[in-house]
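Beneath this line is the structure, given in structure tokens, with notes to follow.
The values are calculated or read from the model by the stated rules, or taken from the named source; none is laboratory data. Quick caveat: nothing in here was measured; it's all calculated off a predicted structure. We place every Cβ from the backbone using ideal geometry, glycine too, and count neighbours over all the protein chains shown. The area values use the complete protein model at the heavy-atom level, side chains included, leaving out ligands, DNA and RNA. Shrake-Rupley method; radii C 1.70, N 1.55, O 1.52, S 1.80 Å.
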Amino acid sequence: MIIRRSAVVATGSYLPERRITNQELADRLDTSDAWIRERTGIMQRHVAAEGETTSDLACHAARRALARGGLGVADIDCIVVATATPDYTFPATATQVQAMLGMTHGFALDVHAVCTGFVYGLAVADNFIRLGQANRVLLVGAETFSRILDWDDRSTCVLFGDGAGAVVLEPATGDCGVLSTHLHSDGRYRDMLHVDGGPSTTRHVGHLKMNGREVFRHATRKLTEVVEEALLANEIEASAVDWLVPHQANRRIIDATARKLGLASDRVIVTIDRHANTSAASIPLALAEATADGRISPGDLVLIEAMGGGFTWGAALIRWSATSRRGASATGEAAR
Ligand code: UT7
């Protein structure tokens with residue numbers, strides 16, 4: 001069997017139109033723009049319109065990635081959607097996206113690892129391609145966390161936003177592509193960050209609950225460990241990393257990881273100020289922005305990492321493909 005490697009050849013993203021500033025939240029909650037900015041780096045977040053679903057967001061991002069790649073649905077044989085906020089309990093949101101794209105061949109599945117969903121989805125897509133079970137995979141991270149937030153709980157509702165990012169993966173040529181993926185979970189910590197509802201328990205959707213301080217403590221340690229694991233597995237020094245594209249949960253966590261790697265801040269893709277924490281969508285949103293504005297270019301070494309509910313955490317190293325078409329950002333501009 002020939003072992004193949006996968007490469008990201010196109011990116012796209014989508015953010016809902018409605019933006020909520022910190023000040024809007026401070027107008028009705030016991031919080032302030034200063035607290036949110038200083039403790040998290042967040043200035044605003046996008047929120048899906050009434051009736052706008054995770055699959056709607058995913059589809060917009062997917063269409064933009066396909067257009068950027070000069071590809072049609074006939075060129076895709078697998079769709080993976082990473083989400084913790086599916087349209088329905090079942091079927092998978094990925095099958096909804098498949099139908100919306102007008103694709104009747106291939107297969108589609110959801111991956112659920114909350115904020116680590118995109119890294120898990122990348123591992124799944126990469127392995128399908130390596131094994132020859134799929135040839136070209138559309139991988140989407142899409143979330144509508146606004147639907148699972150308690151908007152009266154200042155300790156959580158200020159932190160999250162909605163959005164979607166998509167990448168297309170195909171067999172790599174040359175040295176480029178996904179070099180390795182590294183996944184971890186430890187279910188002992190499942191209560192630290194969870195939604196207090198579900199079909200087999202309360203039968204309600206529930207609300208997000210988080211012990212922020214504990215999650216923060218674990219995140220800084222686990223992210224450093226998994227990033228070191230990825231570098232070691234490839235015998236690569238941190239100084240060789242061109243871009244760190246971290247999950248965007250808290251600016252202080254991002255800065256701590258970059259500092260430990262010795263990476264200058266201009267080597268880190270940051271979107272948390274405008275997007276807040278979009279869970280599984282945060283990394284593909286950042287990848288789309290940084291390819292669209294030309295920061296990430298062919299040959300660059302890109303390190304992604306994330307940590308989230310479960311706990312789940314993971315990292316991947318990607319040598320950006322020479323054949324990568326430039327990305328399509330959320331609005332077609334790099335700014336939003
Ligand atoms: O994406 C999945 C992974 N998620 C994360 O990685 C999130 C990790 N955690 C965090 O980012 C931070 O822990 C938070 C941003 C959630 C909280 O920041 P913190 O510096 O850890 O604050 P804290 O929880 O220690 O709270 C400090 C104070 C508390 O008041 P007291 O007890 O000191 O009087 C909170 O009640 O800040 C208070 N507080 C707020 N004040 C104003 C909590 N939320 C707010 C708020 N506005 N929105």
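Working note: Karplus 6.51/-1.76/1.60 with θ = phi - 60° gives the stretch 156-171 the couplings 10, 5, 7, 8, 10, x, 9, x, 8, x, 9, 9, 10, 10, 9, x Hz, where Gly and Pro are set to x. One chain, two ends: Ala240 and Ala67. Fully extended at 0.36 nm per residue, the span grows by 59.1 nm beyond their Cα-Cα distance. Here the stretch 110-125 is scanned for amide nitrogen atoms under 20 Å from the site 7 Å beyond the Cα of Gln133 along Cα-to-Cβ, giving 110-114, 117-125. Selection among Leu109, Ala49, His204 by position relative to the dipole of the chain gives Leu109 as farthest towards the positive end (Cβ unit charges, Cα centre).
3J(HN,Hα) couplings calculated from phi for the stretch 197-207 with the Karplus curve 6.51 cos²θ - 1.76 cosθ + 1.60 (θ = phi - 60°) are, in sequence order, x, x, x, 9, 10, 8, 6, 10, 5, x, 10 Hz; Gly and Pro show x. Using the 1.4 Å probe convention, the accessible area of the chain works out to 41 Å² per residue with neighbouring protein chains retained. Radius of gyration over Kirkwood radius for the chain, both on Cα atoms: the Rg/Rh ratio is 0.94.
Atom-type composition of the exposed protein surface of the stretch 222-261 places 47 percent of the accessible area on carbon and sulfur (1.4 angstrom probe). Estimated from helical segments only, the mean residue ellipticity of the chain at 222 nm is -9000 deg cm²/dmol, where each DSSP H run of four or more residues counts as -39500 (n - 2.57). Using alpha carbon centroids, what distance separates the stretch 141-171 and the stretch 193-264, in Å? Going from one Cα centre to the other spans 15 Å.
Sorted largest first by accessible area at a 1.4 angstrom probe radius, with every protein chain in place, the residues Asp150, Asp196 fall in the order Asp196, Asp150. Note on Asp150 and Glu225: the model spin-label points, each 7 Å out from Cα along the C-beta direction, lie 3.0 nm apart.
Among Tyr88, Tyr120, Tyr14, the largest mean-square fluctuation in a Gaussian network model of the chain, built with springs joining Cα atoms closer than 10 Å, belongs to Tyr88.
So, with a 1.4 angstrom probe, what is the percent of accessible area on the stretch 93-168 that is carbon and sulfur? Carbon and sulfur: 50 percent of the exposed surface of the stretch 93-168.
Local charge for Asp255 was computed over the other residues whose Cβ lies under 13 Å away, with Lys and Arg +1 and Asp and Glu -1, and equals +3. Across the stretch 179-187, computed HN-Hα scalar couplings (Karplus, 6.51 cos²θ - 1.76 cosθ + 1.60, θ = phi - 60°) run 6, 6, 10, 9, 10, 9, 8, 8, x Hz from first to last residue, x flagging Gly and Pro.
Contact order, relative form, for the chain: 27 percent (alpha carbon pairs under 8 Å, 6 or more residues apart, mean separation divided by residue count). Backbone amide hydrogens, once placed in the peptide plane, bring Cys78 within less than 5 Å of Phe107, Arg136, Leu138, excluding anything fewer than 5 places away on its chain. If eta is 0.890 mPa s and T is 25 °C, what Stokes-Einstein diffusion coefficient results for the stretch 164-266, Kirkwood Rh from Cα pairs, in µm²/s? D = 148 µm²/s.
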